[in-house]
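Novice: One structure, pasted below without further comment.
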């Protein structure tokens, strides 16, 4: 298996930054480290979410993020995580799908792949 990563911008009240996100189809939401969330000045949601993580169930604050992925704007729920992740919710909202086998399609996003696996999503 390989890793699929993609560049995307996140637009905050304080600044805009570009990140290399790991595409994680097992994750639901967009995620960034808390330090980055604070540096961007993202608006915090009113509630907390309970999520299943690799370490078990965690309760996290939610944030609202606007951004750009391959020239297309988006709005998404964002949660804190140790590494930048793009979960399936944002991918589905933008009408992308992950395909680990190179196949022709009407709408695939070409991502940078690592470990000798070529992926399109």
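Bear in mind that the values in this text are calculations on the coordinates, not laboratory data. Note that this is a predicted model, so its numbers are computed, not measured. Don't worry about glycine lacking a Cβ; one is built from the backbone with ideal geometry, like all the others, and counts go over all protein chains shown.
Novice: Relative contact order (percent) for segment 36-93, with alpha-carbon contacts under 8 angstrom and 6 or more residues of separation?
Specialist: Relative contact order here is 24 percent.
Novice: Whole number please: convex hull volume per residue of the Cα set in segment 1-96, in Å³?
Specialist: So the per-residue Cα hull volume is 96 Å³.
Novice: State, to one decimal in nm, how far the label point of residue 25 lies from the label point of residue 51, with both points 7 Å from Cα in the Cβ direction.
Specialist: 1.9
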